[in-house]
1. To the nearest 10 square angstrom, how much accessible area does Met86 have with a 1.4 angstrom probe?
2. Below 23 Å Cα-Cα, how many Lys pairs turn up in the chain? Only count pairs eight or more apart in sequence, or on different chains, if you could.
3. At most 15 other C-beta atoms within 10 Å and a DSSP loop state: those are the exposed trypsin sites (Lys or Arg not before Pro) I care about. Give me the longest piece of the chain that has none.
4. Given the DSSP H assignment, sum -39500 (n - 2.57) over each helix run of at least 4 residues in the chain and divide by its residue total; what's the result at 222 nm in deg cm²/dmol, nearest 500?
5. Antiparallel as a % of all DSSP beta bridges within region 44-150, to the nearest 5?
6. Using only Cα atoms and rounding to the nearest 10 degrees, what angle (0 to 90) does helix 2-22 make with the longest principal axis of the chain?
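The values are calculated or read from the model by the stated rules, or taken from the named source; none is laboratory data. Just so we're clear, the structure is a prediction, and the values are computed from it rather than from any experiment. Here the Cβ positions follow ideal geometry from the backbone for every residue, glycine too, while neighbour counts run over all protein chains shown. Only protein heavy atoms, including side chains, enter the accessible area calculation; ligands, DNA and RNA are left aside. Shrake-Rupley method; radii C 1.70, N 1.55, O 1.52, S 1.80 Å.
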Amino acid sequence: MKKTIASLALLLATVLSNSALANECEIEITGNDAMQFDKSELTVPASCTEVTLTLTHIGGMTKGVMGHNWLLTTSANFQPVATAGMAAGADKDYVPEGDERVLAHTKLIGGGEKDSITFSVDGWDKSGAYTYFCSFPGHFAVMKGALKFV
Ligand code: ZN
């Protein structure tokens, strides 16, 4: 009986991972209590017209102490937007309000939480350089990476 359940679980896991691969325009990233994203690069097929990004905080700390979010800008705008985000403050999830340099962003989350966003990339320069980062004060120096269209 136990063996049957185990093989069913394995089958289910296989089915789930196959369906996750079915949509290549969906990407996932996690943040932890050690102030790290699990990926320093995310790739999306250039054929995608919209992208779904899911950020999961796999740690246990609250968002006031170790909050994470995911912002996307062109690489040229990364530093100034990170600075503007810090200035925007916790009430705004460290996202500068109405700032068109922010191409996409999740909300700020704490341990055990997740946020999923879908944004249009239609008409974007798919050969351009894009940087994602966490705008929680002090995090962007480490919590950053490149989003590439391939
Ligand atoms: Zn963070």
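1. Counting only protein heavy atoms, Met86 exposes about 80 Å² to solvent.
2. 19
3. The reported range is 40-100.
4. Numbers: 3 runs with 36 residues, N = 150.
Only helices count here, giving -7500 deg cm²/dmol.
5. So the antiparallel bridges amount to about 95 percent of the total.
6. On a 0 to 90 degree scale, this one is about 40.
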